[in-house]
1. Show me the helices (runs of 4 or more DSSP H) found entirely inside the stretch 167-267 where at least 3 residues are at pLDDT 95 or above and not basic (Lys, Arg).
2. Could you give every pair whose Cβ atoms fall below 7 Å, whose first residue belongs to the stretch 214-242 and is more than 17 Å from residue 271 (Cβ to Cβ) and touching a residue at least 12 places away in the same chain (Cβ under 8 Å), and whose second residue is buried (at least 16 other Cβ atoms within 10 Å of the Cβ) and of a type in the set (Phe, Trp, Tyr), counting only separations of at least 6 or pairs across chains?
3. From the list 49, 18, 63, which one is of a type outside the set (A, V, I, L, M) and farther than 22 Å from residue 103 by Cβ?
4. Could you list, in sequence order, the residues of the stretch 2-37 that are of a type in the set (Gly, Ala, Ser) and either at pLDDT 90 or above or surrounded by 12 or more Cβ atoms within 10 Å (Cβ to Cβ) (or both)?
5. For the stretch 268-277, how many residues meet the condition of being loosely packed, with under 15 Cβ neighbours inside 10 Å and assigned to a helix (DSSP H, G or I)?
6. With the condition kept exactly as written, say whether any residue in the stretch 49-59 is in the same structural domain as residue 200 (by TED's automatic domain parsing), under 27 Å from residue 207 (Cβ atoms) and hydrophobic (A, V, I, L, M, F, W, C).
7. Do we find a residue being polar (S, T, N, Q) and at pLDDT 95 or above anywhere in the stretch 81-99?
8. If only one of 107, 79 is without any contact (Cβ under 8 Å) to a residue 12 or more places away in the chain and either part of a loop (DSSP other than H, G, I, E, B) or out of contact with any Gly (no Cβ under 8 Å at 6 or more places or on another chain) (or both), which one is it?
Amino acid sequence: MSTPYSPTKISICLLAVPETATGVLHGLYEVFSFVGDGWEMLTGWAPGPRRFQPRIVATSREPFRNLAGIPIAPELSLAEANRADIVIVADLAIGRDEETRGRWPEASDWLRRQHELGALVCSVCTGSLLLAEAGLLDGEQATCHWAAANQIRNRYPTVRLKPERVLVTSGVEHRLVTSGGNASWTDLALYLVARFCGEDEARRTAKLFLFGDRSNGQAPFAARVRPPQHDDAAVTAAQLWIAQNYASANPVAGMTAAAGLTTRTFKRRFEAATGYAPLDYVQSLRIEEAKQMLESSDTPIDDISAESGYSEPAAFRRLFKRSTGISPLQYRQRFRQVLPPPG
């Protein structure tokens, strides 16, 4: 029996043609380059699961300029890109009266071959035109930029178009994914991260890049940065104790006892080692634990308050909003589901 294809790194080929707009192309490249490692780089916490390996692919490796004159530097030719896990066609600068039928023969052949080999093939915005031209959307549901809907209906009438949707999955094993207007590339990116690395990693990616509603500023996206490393054994003992007892009724006293120091000495050494006053450290730990529960469960908020160490739900809500800029309910609504459900 053959072993299932399950690479350590997920290879992503970002297909570039002369009509490719570079904003989405390079945005996708940057996001997928940071998935996993980026969390550790910016917060100090352990990296997330699995990594992506994005590469720009074109007819040849020769650098070229798109129709707007912006340079694109391919890393692989179509002939060299033999087997991708994911293929993405970014948005294309296509006018409403421009003919697309017969326009990209080499790229269309390559897309069909990649799909036959098992790749997940995706598009952003008007990139759906290239998937339709390759015949991959025949008889399948798909979405696109609303302004390109008539182009697809008129030129590729067998596509079951759903232009009202932001994200549509279709085909065998849902190996075709189309997304709507230009800005929907972020929804596609989060969907792929969740699909290949899990929802927790998708949430981390959303927080790193501030994907989603930013009307309340950056505070809702901020995560607790890992305290600096130190060699104070007494403070380490206190940190280990509070990690298991953060809901304790008298946490600073418990930490002081675990450290085996006097109250004054403990507070001085703890702040010197971690950069936090002991109570601030406890509060940040509790809020982070509450955020994890809000993201990953349907536990009532009052219960989360108690489990986090706050016997008064009103006090918990005030402290949570002071820390994140939004209420626990708003936080749950924002991060419990970080992307629209595909259809």
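1. Those helices (runs of 4 or more DSSP H) span 185-197, 233-245, 251-259.
2. Sorted first by the residue in the stretch 214-242, then by its partner, the pairs are 220/331.
3. On the way: 18 fails: farther than 22 Å from residue 103 by Cβ; 63 fails: farther than 22 Å from residue 103 by Cβ.
From the options 49, 18, 63, the qualifying one is 49.
4. Those that are of a type in the set (Gly, Ala, Ser) and either at pLDDT 90 or above or surrounded by 12 or more Cβ atoms within 10 Å (Cβ to Cβ) (or both): 11, 16, 21, 23, 27, 33, 36.
5. Here the count works out to 2.
6. Yes, the conditions are met somewhere in the stretch 49-59.
7. no
8. Of the residues listed, the single one that is without any contact (Cβ under 8 Å) to a residue 12 or more places away in the chain and either part of a loop (DSSP other than H, G, I, E, B) or out of contact with any Gly (no Cβ under 8 Å at 6 or more places or on another chain) (or both) is 79.
The values are calculated or read from the model by the stated rules, or taken from the named source; none is laboratory data. Quick caveat, the model's predicted, so the values are computed rather than measured. Cβ sites come from the backbone with ideal geometry, for glycine too, and all protein chains shown count toward neighbours.
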